[in-house]
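The values are calculated or read from the model by the stated rules, or taken from the named source; none is laboratory data. Please read all numbers here as calculations on a predicted model, not as lab measurements. So basically every Cβ, Gly included, is an ideal-geometry build from the backbone, and we count neighbours across all protein chains shown. Accessible surface areas use protein heavy atoms only, side chains included; no ligands, DNA or RNA. Shrake-Rupley method; radii C 1.70, N 1.55, O 1.52, S 1.80 Å.
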Amino acid sequence: MRSMRTSPSGRRRPRPAAAVLLLLFGAAISATPARDSKSVFSGLPIDPEDAKAGAKAERPIRFETAWRFEGFSAPLAGNLAVSESLLAGTDVAGRLVALDPKDGRERWRAEIEGAAAVGPAFAGDRVLQGTSDGRLHAFAASDGRPLWTAELGAPPSTAPVVIAGTVLQGTRGPELLAIDPGDGTITGRLALESIPLPPVEARLRHGAPAAVIAAEEGQVRLVDPASLAVRWRRAVGQSITAPPLVTEDRVYLAAGDRSIRALKLSSGRQKWAQRTGSRVTARLLRRDDLLYALCYDNDIYIFGAGNGHLRARVTLDHRLAQDAALAGDRLFVAPYTAAAVVGLELPALAIAGRFELDEQGEWFTTPPAWTGDRVALGWGREAGRLLTLDIVDAPEEKAPAPPPKDAPKTTPPPAGAAPTDALPPTPEPEIVPPASTPPPPPEPLD
C-alpha cells in the first residue's frame with residue numbers, strides 16, 4: 001500500500017494536479033463580479049405598524065357631473081387624450097371625436113378607415129390615431145382635417161408619444177419608429193426583441209433629451225429620440241408589466257416577478273429592488289420622496305423612492321389594473337370592474353370621495369384623465385360614453401347642538417356599542433308555565 005506523503009510539520013501535501021485545480025478554481029471565483037446584495041430586498045414586504053393609512057381624509061370631496069357625451073357607436077379604444085383645449089377619444093370602429101373639455105360640445109369628428117388599435121394622442125396642433133391595419137393618421141386639431149398617413153409596417157402597440165419634437169411609435173413588429181410630425185416621414189427604425197411599451201421622456205443632467213424604451217420581455221433602453229441611437233441597454237431578466245416611470249435620475253420598472261426595480265438613469269445600473277404582493281400593471285407614480293405602486297390584488301404600496309423601503313400599504317375594495325390620474329394632493333383611480341371613480345388623499349391615501357356610475361352592467365372604464373380642473377372618464381361595453389366630473393369640497397360635518405338645560409338626562413350607552421335610533425326595549429312579562437297534570441291511569445284490557 002502506498003503511503004500519503006506528508007510535510008515536515010506532519011500535514012498532508014497536496015499533489016501537483018490538485019494544486020493546479022485549486023488555482024484555476026480560485027481564479028474563476030475572483031473573476032466573477034460580486035452582487036450587491038444590499039440593494040435587493042427579498043421576500044414580501046411587511047406592513048410597518050406606524051405607517052398605516054389614515055382612515056379619514058382631511059379634505060373630503062364630492063363629485064358632481066359636469067357633462068356627458070354619448071356619441072360613439074362602439075366601445076372606446078385605449079385611453080383618452082387631453083390637451084389644453086380638446087378632449088379626444090376614439091372607438092374601436094374608427095370614429096375619432098374631439099370635444100370641448102369645458103362643456104362637452106363636439107368640435108369635430110373623423111371617420112377612419114380601419115379599426116382603431118389604440119387611443120389617440122396629441123402632437124402639437126395635430127391629433128394622431130393608429131389603426132389595426134398598421135397605419136398612423138394625422139388630423140388637424142382645429143377642425144379634424146386629414147393631414148397625412150404613415151405606413152408603420154405593423155399594428156401599433158401603444159399610442160404615439162412626442163419627445164423632443166419627434167413622434168415615437170411602437171409597433172408589434174416589434175419595432176420603434178421615429179416619425180416627423182410635419183409630414184409623417186419615417187426618419188428612423190429600431191428593431192426590438194419584444195413588443196414595446198409607451199416611450200417615456202427623460203432629461204439627462206446636461207439637458208439633452210432622451211427616451212426610455214421598455215419592452216414586454218424585459219429589455220430597457222435609453223435612446224436618442226431623433227436618431228434612435230442607443231445610449232445604454234439593460235436586460236432585467238423578467239417581463240415588464242407597466243410603462244416605466246422616469247424621474248430626474250431614476251427609471252422605475254414593474255417586473256413580472258412582482259417586484260419594483262429602480263435603475264440609474266445615466267447608466268441603467270440597478271439601484272434597488274423590492275417585492276409587492278401582486279403584479280403591477282398600472283404606471284408607477286411618484287410624489288416628493290414617495291413611490292406609489294397600484295397592484296392587481298387591490299393594494300397600493302407606498303415605497304421610499306430613494307431606497308425602496310416600504311412605508312405603507314393601502315387596500316381598496318376592487319382590483320387596480322390601470323393608470324391613475326395625479327392632480328395636486330389627490331390621486332384618482334378607477335378600480336377594475338367597479339364602474340366608479342375614487343379620490344384618494346396624498347400622502348397616506350385616505351379615501352376623500354367616491355363616484356358611482358350607477359350603470360347596470362357597464363363596468364368597463366378607461367383610466368381617469370385630468371383635464372385641468374376636472375376628472376374625465378370613458379366607459380361602456382357596447383357603446384362608448386364620456387363623463388367629466390367637477391371636484392367640490394364636501395361640507396364639514398356639524399357638531400350636534402347641545403341639549404336644552406331643562407332636557408331630561410339620559411344614560412349614555414356603553415363604550416363600543418353600536419349607535420341606534422330605536423326606542424329602549426319594553427321588558428317582557430314573566431311567563432309562568434302551567435302546572436303539569438298527570439295522565440289518567442290506563443284502562444284494564446279485556
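Each label point was placed 7 Å from the Cα along the Cα-to-Cβ direction; for Arg62 and Glu106 their separation is 3.3 nm. If the chain linking Asp133 and Ala383 were pulled fully straight, counting 0.36 nm for each residue of separation and taking away their Cα-Cα distance, it would gain 87.8 nm. Whole-Hz Karplus values for segment 257-267 come out as 8, 6, 9, 10, 10, 10, 10, 6, 5, 6, 10 Hz, taken residue by residue from phi with 6.51 cos²θ - 1.76 cosθ + 1.60 and θ = phi - 60°; glycine and proline positions read x. Taking only protein heavy atoms and a 1.4 Å probe, the accessible area of segment 73-177 is 46% carbon and sulfur.
Once phi is turned into θ = phi - 60°, what whole-Hz ³J(HN,Hα) does the Karplus curve with 6.51, -1.76 and 1.60 give for every residue of segment 94-100, x standing for Gly and Pro? Going residue by residue, I get x, 9, 9, 10, 10, 10, 7 Hz, with x marking Gly and Pro. Give me the Debye-computed log₁₀ of I(q)/I(0) at q = 0.22 Å⁻¹ for segment 131-255, equal point scatterers on Cα only, no solvent, two decimals. Log10 I(q)/I(0), no solvent term: -1.28.
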